[in-house]
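Q: I have a structure here, written as structure tokens, and I will follow up with some questions on it.
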Amino acid sequence: MAPVNKFQKLLVLALDWILYSIGATGNCHVTVTQPRFQEAEHSAHTALLTCAFSAHGCSPSQPQVLWFRFFTNRHEDLCTPECTNRQKFQVHTSSENNYWLQINNLTVNDSALYFCGIAFADSGSPHSKQTGDGTVLTKRERYNTEEFNSMIIISTLLLLYSITAFTILAAHKLKRKLLNRSGNERQRTENCKITSGRKIFRAIAQELQKQRYAEHCQQPDHLEDDTVYQNR
């Protein structure tokens, strides 16, 4: 708010100088009202900034209506009271105490802080010249359709790339998991085969051992029979 107040003081000083050069005298009190913000669509070619005032103890003559605008590092005198560029700026009145500034061929470069000043030239009162708090005019920029479409296409491609990369990674992990599971099952099957072969071999060996033991147990009886036969 400090820069705005500084601008208002400069405007008041400028109005004081204008009225002093005119040699105005008298007593008058003026109050100026402006909307704080106004936004124009990107398709708008004209903007209307309103300025309303009330006057007490002033002459019935019409006041001077002044318009200024301030940018970040400079300011312009638009209408003081004659407009410097009549094709670009025009001042109109809708009623006795209401004025508006018409801005033609509106562009983004017209976005600025606009001040309206009211001055009664036949009064020397310090309150007979006042400015409003200023209107911040903003014009929206035209959105580039081609850039917007390009952004959508690029975002879609990035999304598809991410989905594809994620799918490939998930499939690779799943394949590795299945291969590990298949290898484990194959190894388990081989172990089972080896264990089964060992069991069969052990059973055969035990059977052979039993047969040999049985033959060994039957051998003394035959020997005894042969011995007795020979002695006889």
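Q: At 7 Å along Cα-to-Cβ for each site, give me the label-to-label distance between Gln102 and Asn85 in nm.
A: A separation of 1.7 nm, rounded to one decimal place.
Q: Expected output is a single nm value to one decimal: the length gained when fully extending between Ser95 and Ser182, i.e. 0.36 nm times separation in residues minus the C-alpha distance. What is it?
A: 22.2 nm
Q: Sticking with this structure for a sec: Sorted by accessible area (1.4 Å probe), largest first, how do Tyr99, Tyr161 line up?
A: In descending accessible area the options line up as Tyr161, Tyr99.
Q: Would you kindly find the accessible area of Lys173, with a 1.4 Å probe and non-protein molecules such as ligands, DNA and RNA excluded, rounding to the nearest 10 Å²?
A: Ignoring ligands and nucleic acids, Lys173 comes out at about 120 Å².
Q: Give the long-range amide H neighbours of Leu78: residues separated by 5 or more places, or on another chain, with amide H under 5 Å away, using H modelled in the peptide plane at 1.01 Å from N.
A: Trp67, Phe68, Arg69
Q: Keeping every protein chain in place, order His45, His92 by accessible area at 1.4 Å, biggest value first, i.e. largest first.
A: So the residues, ranked largest to smallest area, are His45, His92.
Q: Calculate one ³J(HN,Hα) per residue across region 83-97 by plugging θ = phi - 60° into the Karplus curve 6.51 cos²θ - 1.76 cosθ + 1.60, and present them in order as whole Hz with x for glycine and proline.
A: In residue order, the calculated couplings are 7, 5, 10, 6, 6, 8, 10, 9, 9, 10, 10, 9, 7, 4, 10 Hz.
Q: Which residues among region 89-125 fall inside the zone where the amide N is under 17 Å from a point 7 Å beyond the Cα of Ser61, along Cα→Cβ?
A: 118-125
Q: If the only charges are +1 at each Lys and Arg Cβ and -1 at each Asp and Glu Cβ, what is the size of the charge dipole of region 36-106 around the Cα centre, to the nearest 20 debye?
A: Approximately 120 debye in magnitude.
The values are calculated or read from the model by the stated rules, or taken from the named source; none is laboratory data. Keep in mind the model is a prediction, meaning the values are calculated, not measured. Backbone-built Cβ (ideal geometry, glycine too); neighbour counts: all protein chains shown. The accessibility values were calculated without ligands, DNA or RNA, using every heavy atom of the protein model including side chains. Shrake-Rupley method; radii C 1.70, N 1.55, O 1.52, S 1.80 Å.
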